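Each remark here refers to the structure printed beneath this line.
The values are calculated or read from the model by the stated rules, or taken from the named source; none is laboratory data. In this text the structure is predicted, and so the values were computed from the model without any measurement. Cβ coordinates were reconstructed from backbone atoms using ideal geometry, including for glycine residues, and neighbour counts include every protein chain displayed.
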């Protein structure tokens, strides 16, 4: 009986050891597969980023070159309306390149944790107005109107402490996204409110909207909400990622509410620093 018990005990120990080794091997295999998948996904995203960057740099450059060539060719024959269209095309191309250059310059600082704020007293109304002015060429192209409601009696003389340059960049990213996914002749409504020393900026569009599974990823780096190498919508997938980092540095939050075919509402909240 003692021999039998010893045999059974030894067998049980052996089985446990085998199970432990099997579990260890399984964890190792799973970890390796996950690492391989992560490496593959990262490589795919980098390839996508390079392809998109090349496309979105060459596209506005080509537009600018074509417009300049046409202006040179038709120095005397072009009508005032034709000239204005060409000037608008040059302005859109230049502004698109400028926004991309800013985003590419910032994203490295964001990812490395090196992005810092330069806090000063500034006007929120002026900062938001400057962001709107930066995206007007894109809105004009899609015949989208941008309305800004801030309650003049509350904000005309009110100044706050924040990084005006960085906040402008964050709002540009949000507005650019709203215009990008708006329908032609749509409206983008911008509102500024102050509640209990918390500034609330909302940007509401009447565009195509997004399902919840897209909304949950919208501020991730390189995420564009469209298929791989889909060039239907301008953008590198950096704007909202950067905007979120900037707002968080302001001790604030940025949230997105969206419904397919009903548009998207982006809400930015942060305190007076």
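Tabulated data for the structure shown
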quantity: Among residues of the stretch 67-81, those that are in a helix (DSSP H, G or I) and either in contact with a helix residue (DSSP H, G or I) (Cβ under 8 Å, 6 or more places away or on another chain) or in contact (Cβ under 8 Å) with a residue 60 or more places away in the chain (or both), counted; calculated: 4
quantity: Condition met for residue 40 (assigned to a helix (DSSP H, G or I), over 19 Å from the mean Cα position of the chain (by Cα) and at pLDDT below 85); calculated: yes
quantity: Filter pass, residue 104 being touching a helix residue (DSSP H, G or I) at 6+ places or on another chain (Cβ under 9 Å), farther than 30 Å from residue 250 by Cβ and in a helix (DSSP H, G or I); calculated: no
quantity: Answer from 116, 125, 135 - the residue that is assigned to a loop (DSSP other than H, G, I, E, B), at pLDDT 90 or above and either over 27 Å from residue 179 (Cα atoms) or touching a helix residue (DSSP H, G or I) at 6+ places or on another chain (Cβ under 7 Å) (or both); calculated: 116
quantity: Boolean, residue 140 is more than 20 Å from the chain's Cα centre (by Cα), over 15 Å from residue 272 (Cα atoms) and part of a helix (DSSP H, G or I); calculated: yes
quantity: Residue check for residue 214: assigned to a loop (DSSP other than H, G, I, E, B) and modelled with pLDDT under 90; calculated: no
quantity: Residue check for residue 58: farther than 18 Å from residue 242 by Cβ, out of contact with any helix residue (DSSP H, G or I) (no Cβ under 9 Å at 6 or more places or on another chain) and either exposed (fewer than 12 other Cβ atoms within 10 Å of the Cβ) or in contact (Cβ under 8 Å) with a residue 40 or more places away in the chain (or both); calculated: yes
quantity: Filtered residue count, the stretch 184-198, keeping only those that are out of contact with any strand residue (DSSP E or B) (no Cβ under 7 Å at 6 or more places or on another chain) and in contact (Cβ under 8 Å) with a residue 40 or more places away in the chain; calculated: 4
